[in-house]
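The values are calculated or read from the model by the stated rules, or taken from the named source; none is laboratory data. Note that this is a predicted model, so its numbers are computed, not measured. Please note: Cβ atoms are built from the backbone with ideal geometry, for glycine as well, and neighbour counts cover all protein chains shown. These area figures cover heavy atoms from the full protein model, side chains too; ligands, DNA and RNA do not enter into them. Shrake-Rupley method; radii C 1.70, N 1.55, O 1.52, S 1.80 Å.
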Amino acid sequence: MAMSWIWTGMVAASILFSVVGGCTREVSAAALEGAAAGITLSLSLAGTLCLWSALVKVMERGGLSRALSRLLSPLLRRLYPESSRDAAAMEAIAANVSANLLGLGNAATPLGIAAVRRMQARAGGETASDEMCRFIVMNTASIQLLPTTVAAVRAAAGAGAPFDILPAVWVTSVCSVAAGLCAAYALGRVWRDRP
């Protein structure tokens, strides 16, 4: 709700300043040009997102997701000891991590929602558990081995080598996940120790 008010305020301020500044024609042309660029970008990304989302489904049906879940299970059990008792929750968490590793944030979102629902059902109550907070932090920061969405945006924008950002993405995503998990553990401990 707050975001709709913010966007409405920004649009209203833009229109007001264009009228006061006498440049309504330029603002109208820029708005139409931006809308056209947005549609072009959305259509160019649709193919890439469909391809990688289909790849996630193939991985799921071929059993690769389950194998990846087994591969990731030692690490995930340490991060989510309570949820590791629920096989469905761990499979959803592993599938979410797998999708994020492939840079498929859009495909990872429904898997993350399914994982959080399983974790919430197990924990009960209305408050997010420490494990849920850690999962949300890890999902948001996400280590990406193949940043496919970013590469698709770069390719659509005309980049000659859209995957030349891989080393920077690897370093920054590992650092962001490490910082986020450290903060989640520290804040969980501080919050738990409060009277």
**Message:** Can you compute log10 of I(q)/I(0) for the stretch 22-65 with the Debye formula, treating each Cα as one identical point scatterer, at q = 0.20, 0.31 Å⁻¹?
**Reply:** -0.69, -0.94
**Request:** Could you calculate the FRET efficiency of Val190 with Ala46 from 1/(1 + (r/R0)^6), where r is the beta carbon distance between them and R0 is 45 Å, rounded to 0.05?
**Result:** 0.55
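If I compute solvent accessible area with a 1.4 Å probe over the protein chains, what percent of it on the stretch 55-195 is carbon and sulfur? Write down the numbers at each step before the final one.
Working: 5290 of 8220 Å².
About 64 percent, which is the carbon plus sulfur part of the accessible surface.
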**Request:** Measure nothing fancy, just the Cα-based angle from helix 87-101's long axis to the longest principal axis of the chain, in degrees from 0 to 90, nearest 10.
**Result:** 40
**Request:** Averaging sequence separations of C-alpha pairs under 8 Å and six or more residues apart, then dividing by the length of the chain, give the relative contact order as a whole percent.
**Result:** 18
**Asked** Using the alpha-carbon atoms, what tilt in degrees (0 to 90, nearest 10) does helix 130-141 show relative to the longest principal axis of the chain?
**Response** 40
**Fill in**
When all Cα-Cα pair distances of the stretch 62-195 are considered, the percent exceeding 17 Å is 62
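Hey, with R₀ at 30 Å, roughly what FRET efficiency would Ala183 and Met10 work out to, going by the Cβ-Cβ distance, to 0.05? Intermediate results must be reported in sequence, preceding the final value.
Working: r = 30 Å, r/R0 = 1.01.
The computed FRET efficiency comes out at 0.50.
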